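The values are calculated or read from the model by the stated rules, or taken from the named source; none is laboratory data. Keep in mind the model is a prediction, meaning the values are calculated, not measured. Neighbour counts run over all protein chains shown; Cβ positions are idealised from the backbone, glycine included. Heads up: the accessible areas ignore ligands, DNA and RNA and are worked out on the full protein's heavy atoms, side chains in. Shrake-Rupley method; radii C 1.70, N 1.55, O 1.52, S 1.80 Å.
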Amino acid sequence: MLETFTKIADLQQIIHKAKAMGKTVGFVPTMGALHAGHLSLAKQSLGENDFTVCSIFVNPTQFNDKQDYILYPRHIGVDQKMLQEVGVDYLFLPDEKEIYPDESYKTIDFDPGIVAEQLEGAHRPGHFAGVGAVVKRLFEVVNPDKAYFGQKDYQQYLIIKELAKHFFPNQYIELCPTLREPNGLAMSSRNQRLTAEEREKASIIYKMLQQSREKILAKTQSFTDIEQEAKAEIEKNRNFQVDYFDICSAKDLTKVQNHEQNEPLIICAAVKVGNVRLIDNLLI
Ligand code: AMP
């Protein structure tokens, strides 16, 4: 039976009890509007821990675009049903005051390094500062043994891994695979804001990621050409605008120029479809 807590003190009482009995706690932080991708993280946590806590908090400080925050889908009742069905034990559903009792909680003294300056960091000023502050707060509240993050937000995963190493060395950060729609589009709460036609056409993003991977492995084209061809193909669709389609180091997400650099690679893409911004990536 899913139990929902809105207050930190109430949730902590339960967690302290579980920990005192030697139980392990897995944690899945989310912003709600749940889909099968979120649930796959929850299922992994359920399989690996005695208790699983999910949180739903649409964190205002990580939205650089106010409209995106306002339009972010919210339907708590449906989310609770989905969590209940997969067997999640506890839902933490705080309001803004609970997470940020005062302004000091909105910033943290932590520099994740060069990784935070790339891709989303460059296109969404302040985004990762907001993510860092809320995740640190949530980790302090829940104190999980393991926390689960999706590969769709690979840059976020790298930054949180650094944050955990710095502030919570005993917490393990697990990376979980990206779940996709049947047409290949990465599942995302923001997909709900696409029309049926846009949703179908947005499958081009994953197609281009896959095609680019093949081209990289074939070693016949420069990285710049591969990136440009993918960008052009995506932008053939009306209302599609590519923020970036970059071949990067999978270690720190800096751009990789050619095959000679001998780095583990990841292709990362961000595409605006009308006013909905989608991200995806593919590890090579
Ligand atoms: P969000 O609610 O978008 O903040 O996402 C909460 C967590 O779910 C993050 O760790 C995301 O990376 C993860 N997530 C989002 N979409 C997917 C997906 N399609 N597959 C797997 N994990 C996902």
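Here are the numbers:
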| quantity | calculated |
| --- | --- |
| Anisotropy class of region 98-156 from Cα gyration tensor, a/c 1.5 cut | oblate |
| Long pairs among LYS97/LYS146; LYS152/LYS272; LYS66/LYS161; LYS106/LYS152; LYS207/LYS255; LYS136/LYS165, criterion Cα-Cα beyond 18 Å | LYS97/LYS146; LYS66/LYS161; LYS106/LYS152; LYS207/LYS255 |
| Mean projected area in nm² (Cα convex hull; one quarter of hull surface) for region 234-284 | 3.8 nm² |
| Which of ASP243, ASP102 is most accessible, then next, and so on - probe 1.4 Å | ASP102, ASP243 |
| Ranking by accessible area, most exposed first, for LEU11, LEU175 with a 1.4 Å probe | LEU175, LEU11 |
| Separation of alpha-carbon centers, region 1-73 and region 205-280, rounded to whole Å | 32 Å |
| Relative contact order of region 220-284, pairs being alpha-carbon contacts under 8 Å that are 6 or more residues apart, as % | 29 percent |
| Percent RCO, i.e. relative contact order, over the chain, from Cα pairs under 8 Å lying at least 6 residues apart | 17 percent |
| Residue-level accessible surface for SER104, protein heavy atoms, 1.4 Å, Å² | 80 Å² |
| Prolate/oblate/rounded call for region 47-199, Cα gyration tensor, a/c under 1.5 rounded | rounded |
| Neighbourhood charge, 11 Å Cβ-Cβ cut-off, centred on GLY26 and excluding it, Lys, Arg +1 and Asp, Glu -1 | -2 |
| Relative contact order (%) - criterion: Cα under 8 Å, at least six apart; region: region 114-224 | 19 percent |
| Radius ratio Rg over Rh of region 1-130, counting only Cα atoms, Kirkwood formula for Rh | 0.99 |
| Highest to lowest packing among 140-148, 83-91, 59-67, scored as the average C-beta count within 10 Å | 140-148, 83-91, 59-67 |
| Helix 8-20 vs. the chain, principal-axis angle (Cα, 0 to 90°, nearest 10) | 80 degrees |
| Helix-only CD estimate at 222 nm, as mean residue ellipticity for the chain, using -39500 (n - 2.57) per DSSP H run (n ≥ 4) | -12500 deg cm²/dmol |
| Accessible surface of LYS215 - all protein chains present, 1.4 Å probe, nearest 10 Å² | 40 Å² |
| GNM top mover of ALA36, ALA18, ALA186 - the chain, alpha-carbon springs below 10 Å | ALA18 |
| Local net charge near PHE168, Cβ-Cβ under 9 Å (Lys/Arg +1, Asp/Glu -1) | +1 |
| Accessible-area value, GLU198, 1.4 Å probe, nucleic acids and ligands omitted, Å² | 40 Å² |
| When the chain is reduced to its Cα atoms, the Kirkwood hydrodynamic radius in Å | 19.8 Å |
| Rg/Rh (Cα only; Kirkwood hydrodynamic radius) as it applies to region 105-263 | 0.99 |
| Between 0 and 90°, nearest 10: helix 203-218 axis offset from the chain longest Cα axis | 60 degrees |
